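Undergrad: Next up is a structure, given as structure tokens.
The values are calculated or read from the model by the stated rules, or taken from the named source; none is laboratory data. Values in this document were obtained by computation on a predicted structure and should not be read as measured data. Because the Cβ atoms are built from the backbone with ideal geometry, glycine has one as well, and the counts that use them run over all protein chains shown.
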Amino acid sequence: EREGKLQLPPLVWSFAFGFAAGESRTLAAFRRTYNSTADESLSPGGFYQRLTPTLAEYLRDLVEYGFDEVAVPHTVSDEFDRFRDVMIADGTVLRLHELLSEAYKARHEEQAGAKLHLLHNVTDQTVEHFNVTDEKTHDSTLFNTGSWLEGRLAIFDLAYFKYRRFALIDENDGYFVSRLKKSANPVVTEELREWRGRAIPLEGEKIFDIVDDLSRKYIDVEVEVEFDRREYAGTQSRDTKRFRVVGVRNEDADDYHLYITNLSREEFLPADLATIYRCRWEVELLFRELKTQYELDEFDTTKKHIVEIL
């Protein structure tokens, strides 16, 4: 409403470019960046008093707006053309000053930690959704199933493993590929590939009970899983669903990489699924860039809203 001394564009850009400037990332360094581009410089007090929860909320809005604007055509392989989007969910821990342990509870005492949760759109090469919580918040609780999954492929690591989640994705006409959790150990109902000679029969066996006895290059079977539906009207029902489990032998480690999916054998062979799952490295590389190039895991502040701003 009035002509203020603060100039908002230089303030925003001082934080945006301050991460990549190579200078030690302190509030004093961000102020110097601001003063080097603004028409009028701000004193330390004048700069610090502008760093408020409102600014943190404003920067978050800008980031979300930016995500909508920067999407570019995908360059992933042709196998993904049958999906509307390929999505990867993941999270990474950011270590904070121990005096923030109440605001950002960590898994260990006398520590503080935030967790950055991302839903990475590989097709558009952008971030669909992000959230910042304390370290104790489980990744799985931040992934919501629904009609938005129709036609999309979601790729998960074990932190998101849940049979009910997979069933809901399938029921919303979406697709998924996940590592198979060893404690799950589903029962094989059918082999989807015939093997010549004296191959060990898998039907009726629990997959992890028999996998160490196998030497074939691939495992390709259908399994039946049992899970709890969401509680409704005070009652909770059990349900079953059939999915596909694929194993690709890792000769170096003399074991299998096992995946669970609802993608059909007619369209995707076991080797294809292993290739698809390697797309998870997209988000791992993004986290590594944030932590190494931009030092996102080094927060030298004891104020919660400063953490949110950064």
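Undergrad: Can you report the number of residues in region 36-54 which are surrounded by 13 or more Cβ atoms within 10 Å (Cβ to Cβ) and not small (G, A, S)?
TA: Residues of region 36-54 that are surrounded by 13 or more Cβ atoms within 10 Å (Cβ to Cβ), as a first pass: 37-38, 41-42, 46-48, 50-53.
Then drop every residue that is not not small (G, A, S), which leaves 37, 42, 47-48, 50-53.
Number satisfying all stated conditions: 8.
Undergrad: Here is a further query. What pairs come up if the first residue lies in region 1-30 and is within 22 Å of T292 (Cβ to Cβ) and of a type in the set (A, V, I, L, M, F, W, C), the second is assigned to a loop (DSSP other than H, G, I, E, B) and at pLDDT below 65, and their beta carbons are under 6 Å apart, counting only those six or more places apart or on different chains?
TA: A29/E23
Undergrad: Quick check on my filter: what residues within region 256-310 are within 30 Å of A29 (Cα to Cα) and of a type in the set (D, E, K, R)? Give the steps one after another, and end with the answer.
TA: As a first pass, look at region 256-310 and keep what is within 30 Å of A29 (Cα to Cα): 283-310.
Listed by number, the residues that qualify are E284, R288, E289, K291, E295, D297, E298, D300, K303, K304, E308.
Undergrad: From the set of residues in region 103-122 that are in contact with a strand residue (DSSP E or B) (Cβ under 6 Å, 6 or more places away or on another chain) and free of Cβ contacts under 8 Å to residues at least 60 places away in the same chain, which is farthest from T137 (Cα to Cα)? Spell out the reasoning first.
TA: The first filter runs over region 103-122 and keeps only residues in contact with a strand residue (DSSP E or B) (Cβ under 6 Å, 6 or more places away or on another chain), leaving 104-106, 112-122.
Within this subset, residues satisfying the condition of being free of Cβ contacts under 8 Å to residues at least 60 places away in the same chain are 105-106, 112-113, 115, 117, 119, 121.
Working: K105: 9, A106: 9, A112: 13, G113: 10, K115: 8, H117: 10, L119: 16, N121: 22 Å.
By that ranking, first place goes to N121.
Undergrad: Looking only at region 211-227, how many residues end up being at pLDDT 90 or above and either polar (S, T, N, Q) or more than 20 Å from A271 (Cα to Cα) (or both)?
TA: So the answer is 4.
Undergrad: Could you identify the single residue in F130, F83 that is within 29 Å of L153 (Cβ to Cβ), surrounded by fewer than 19 Cβ atoms within 10 Å (Cβ to Cβ), hydrophobic (A, V, I, L, M, F, W, C) and touching a residue at least 60 places away in the same chain (Cβ under 8 Å)? Explain how you work it out, then say what you get.
TA: Values: F83 fails: surrounded by fewer than 19 Cβ atoms within 10 Å (Cβ to Cβ).
Going through F130, F83 in turn, just one is within 29 Å of L153 (Cβ to Cβ), surrounded by fewer than 19 Cβ atoms within 10 Å (Cβ to Cβ), hydrophobic (A, V, I, L, M, F, W, C) and touching a residue at least 60 places away in the same chain (Cβ under 8 Å): F130.
Undergrad: Here's a check for you: in region 145-173, which residue that is of a type in the set (G, A, S) and more than 25 Å from I207 (Cα to Cα) is surrounded by the fewest Cβ atoms within 10 Å (Cβ to Cβ)?
TA: S147
Undergrad: Right, something else. Is it the case that region 100-111 has a residue that's touching a helix residue (DSSP H, G or I) at 6+ places or on another chain (Cβ under 8 Å), modelled with pLDDT of 90 or more and of a type in the set (G, A, S)?
TA: Yes.
Undergrad: So which residues in region 165-195 are assigned to a loop (DSSP other than H, G, I, E, B) and either over 18 Å from the mean Cα position of the chain (by Cα) or on the phi > 0 side of the Ramachandran plot (or both)?
TA: Start the filter on region 165-195 by keeping residues that are assigned to a loop (DSSP other than H, G, I, E, B), which leaves 172-174, 180-186, 192-195.
Result: N172, D173, K182, S183, A184, N185, P186, L192, R193, E194, W195.
Undergrad: Please go through region 251-268 and give me each residue that is surrounded by fewer than 20 Cβ atoms within 10 Å (Cβ to Cβ) and either more than 25 Å from the chain's Cα centre (by Cα) or among the β-branched types (V, I, T) (or both), ordered by number.
TA: E251, D252, A253, D254, D255, R265, E266, E267
Undergrad: Let me ask something else. Within region 247-285, can you find the residues that are modelled with pLDDT of 95 or more and among the β-branched types (V, I, T)?
TA: Correct list: I260, T261.
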